[in-house]
Amino acid sequence: MIIDTLDTLEVQDIDYFSRLEVLKEVYGIIWLLIPILTLVLGITIGVLVIVWLEREISAGIQQRIGPEYAGPLGVLQALADGTKLLFKENIFPSRGDTRLFSIGPSIAVISILVSYLVVPLGYHLVLADLNIGIFLWIAISSIAPIGLLMSGYGSNNKYSFLGGLRAAAQSISYEIPLTLCVLSISLLSNSSSTIDIVEAQSKYGFGGWNLWRQPIGFIIFIISSLAECERLPFDLPEAEEELVAGYQTEYSGIKFGLFYVASYLNLLVSSLFVTVLYLGGWNIPIPDIYVSNLFEINKTSGIFGATISIFITLAKTYLLLFITITTRWTLPRIRMDQLLNLGWKFILPISLGNLLLTTSSQLFSL
């Protein structure tokens with residue numbers, strides 16, 4: 001009886017410890033998912049705010065009334081549009097490739113969402129602080145045009161296919177100058193980590209931003225970002241007058257909504273990277289020697305420091321978004337040949353010259 005009792009106690013202890021291990025694993029998974037879900041929620045709110053801002057700003061520029069019925073000041077209009085698209089019927093082209101037609105929008109959205117992993121919103125407020133973080137964004141963002149090309153090809157529509165080809169050509173044309181600008185910033189900061197790039201700009205406040213050290217690169221990066229996001233005057237892949245709606249022509253329901261979301265996700269992440277690379281990220285435009293003695297805002301841990309850092313980063317980002325939205329309703333669309341000539345004959349040589357100047361200055365400073 002004593003031996004049986006001991007055996008029973010040993011089995012109970014083993015079960016207890018195995019349950020503890022399982023609980024620890026579940027606890028670890030939950031803590032791993034919380035930052036990811038928080039980031040996804042923040043991105044969703046950010047996209048809804050951008051859509052509302054674009055409608056309000058465009059209404060103001062055109063002297064008309066914007067959204068005003070769905071929620072106070074029309075803030076829920078984007079949510080209402082998304083709900084409507086969610087319940088609309090998904091129509092598939094009868095002679096198209098159904099698999100490519102379905103996978104294309106998902107690739108476009110997922111590739112852009114992964115880019116947010118390396119975007120720092122504050123000091124150590126980043127999901128993945130990688131040594132090659134900035135180049136990971138370049139590599140991942142180049143996958144999105146493949147999804148657009150798949151969508152155009154799978155639609156079995158000449159207008160959709162031409163739109164997909166235009167998207168691929170436009171992305172290739174402006175990705176190279178974008179990469180050269182990023183490489184120049186990486187050389188100045190002696191790092192490819194997004195955290196290190198922001199920290200390298202924090203010493204002298206407003207005067208230490210890469211905007212002043214790389215003014216040519218900043219202009220090229222803005223132009224290339226607009227082309228990558230297919231924003232006016234570079235929205236040739238979906239030009240209504242020429243291609244009906246480009247690669248989106250045959251899409252409806254939630255799949256069309258995914259393209260809509262992908263364009264705003266790309267716009268938001270591009271503005272965030274402009275903030276990180278050229279505008280000092282979460283650092284306030286005051287020299288560190290004055291700020292550190294008062295609040296240590298730039299490196300403060302805890303809720304207060306994180307809130308201040310996120311607010312500063314988003315304020316700079318949405319200022320850039322305001323300029324981008326205003327540009328859409330100010331400049332006319334250019335032709336496809338003009339877009340390619342601008343990219344290959346002007347932007348690429350200037351960005352290459354900027355990289356050579358940056359490399360030379362870094363070598364002479366050693």
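Here the extension length gained between Ser102 and Asn341 equals 82.7 nm, from 0.36 nm per residue of separation less the Cα-Cα distance. Using a probe of 1.4 Å on the protein chains alone, the accessible area found for Phe234 is around 10 Å².
Comparing Ser94, Ser173, Ser155 in a Gaussian network model of the chain, where Cα atoms under 10 Å apart are tied by springs, the biggest mean-square fluctuation is seen for Ser94.
With Cα atoms defining each centre, segment 96-129 and segment 38-92 are spaced 21 Å apart in the structure. In terms of the mean number of neighbouring beta-carbon atoms within 10 Å, the peptides 198-208, 67-77 order highest first as 198-208, 67-77.
Within the shell defined by Cβ-Cβ distances under 15 Å, the residues around Ile254 carry a net charge of 0, with Lys and Arg each +1 and Asp and Glu each -1. Think of a 1.4 Å ball rolled over the protein heavy atoms: the chain then has 53 Å² of accessible area per residue. Counting charges near Ile222 (Lys, Arg +1; Asp, Glu -1) among other residues having Cβ under 13 Å from its Cβ returns a value of 0. Figure note: Arg213, Arg95, Arg231, Arg333 ranked by solvent-accessible area, largest first, 1.4 Å probe, ligands and nucleic acids not counted: Arg95, Arg213, Arg333, Arg231.
The count of lysine pairs in the chain whose Cα atoms are under 25 Å apart, excluding pairs fewer than 8 places apart on the same chain, comes to 7. From its DSSP helices (H runs of at least four residues, each -39,500 (n - 2.57)), the chain gives a residue-normalised ellipticity at 222 nm of -22500 deg cm²/dmol.
A 1.4 Å probe, protein heavy atoms only, puts the accessible area of Val261 near 60 Å². Each Cα pair under 8 Å and six or more residues apart adds its sequence gap; the mean of these over the residue count of the chain is a relative contact order of 21 percent.
For segment 186-227, the share of accessible area belonging to carbon and sulfur comes to 67 percent (1.4 Å probe, ligands and nucleic acids excluded). Shape class of the chain from the Cα gyration tensor (axes a ≥ b ≥ c, square roots of the eigenvalues): oblate, since a/c reaches 1.5 or more and a/b does not exceed b/c.
The values are calculated or read from the model by the stated rules, or taken from the named source; none is laboratory data. Just so you know, these numbers come straight off a predicted model, no measurement behind them. Counting neighbours? That spans all protein chains shown, and the Cβs are built from the backbone with ideal geometry, glycine included. Just the protein is used for accessible areas: all its heavy atoms, side chains included, with ligands, DNA and RNA removed. Shrake-Rupley method; radii C 1.70, N 1.55, O 1.52, S 1.80 Å.
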